[in-house]
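Working notes, beginning with the structure itself.
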Amino acid sequence: MISSLRGTVLHSAGTTVVIEVGGVGLSVQVTPQHALALRVGAEALVHTALIVREDELSLYGFQNTEELAIFDLLRGVTGVGPKSALGVLATLAPDEVADAVATENDAAFRKVSGIGPKTAKLIVVSLAGKLAAVAPRAVASVPDTAIAEQVTAALTGLGWPERIAAQAASDAVASAAPGDRVNVPVLLRSALALLGPNQPSALR
């Protein structure tokens, strides 16, 4: 497994760069933004994923380990190949991926060429709760208030007064483990536990 490359950039065209390592030029697929950041003649460190197929070996490169981790997770989603996974990272930064998954915003993934509505929803479902382990800095960027608002909306939908729902949602987020602070189902269960056995109608 080739997990990273450090060498001189020999060539850059579109989303393909060639990096010389030990006298060997290796072709690497990157996002357009990454390609622009790699200057021909300069040394570069690229985190990589090696994709092995019967008829080819392909290297995909990333600016940091967060992008690489998200790329690997995306490839685990049914219907998402390496080119589509790279397309997601060309369209969305790691924090935007985390935010889209946390807020169940599948529309963000439908902006990516080759990803339809069904696959976009599958990405949201498949990545839920997984980003904290592989990209904690990206997950940390999702505002607690945005998550709390989703939990509040779910509670009010169940009949709880908004004031009480908002307080329970806030308490649930504050007491949650770091990895659960973007997991709405987990936070909703926690908020319901905090509210106790009282019926919503009894508190109006």
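Every read-out reported here was derived from the displayed coordinates using simple, explicitly stated rules and does not represent laboratory data. Small disclaimer: the values here were computed from a predicted structure and weren't measured. Because the Cβ atoms are built from the backbone with ideal geometry, glycine has one as well, and the counts that use them run over all protein chains shown.
Extents of region 68-130, largest first, come to 24, 24, 19 Å (Cα atoms, principal axes, whole angstrom). Compactness of the chain is given as radius of gyration and Dmax, 21.0, 75 Å, from Cα positions.
Taking 2.2 N^0.38 Å as the expected size of a compact globular protein, what ratio does the Cα radius of gyration of region 1-119 give against it, to two decimals? Can you show the working numbers first?
Numbers: Rg = 14.6 Å, N = 119, 2.2 N^0.38 = 13.5 Å.
The reported ratio for this selection is 1.08.
Pull up the cross-link candidates among the lysines for LYS130, meaning alpha carbon to alpha carbon under 17 Å and not fewer than 8 places away within one chain. Excluding near neighbours in sequence, the set is LYS121. For the peptides 52-62, 185-195, the ranking by mean Cβ contacts within 10 Å, running from highest to lowest, is 185-195, 52-62. Among 163-173, 148-158, sorting by the average number of other beta carbon atoms lying within 10 angstrom of each residue, highest first, gives 163-173, 148-158. Here is what passes the span test in the chain: the DSSP H helices with alpha carbon length of 18 Å or more along the helix axis and a Kyte-Doolittle mean of -1.0 or above are 144-157, 162-175.
A helix-only calculation puts the chain at -14000 deg cm²/dmol for mean residue ellipticity at 222 nm, using -39500 (n - 2.57) for each DSSP H run of at least four residues, averaged over all residues.
Plainly put, region 4-62 has a radius of gyration that is 0.95 times its Kirkwood radius, both from alpha-carbon atoms, as the Rg/Rh ratio.
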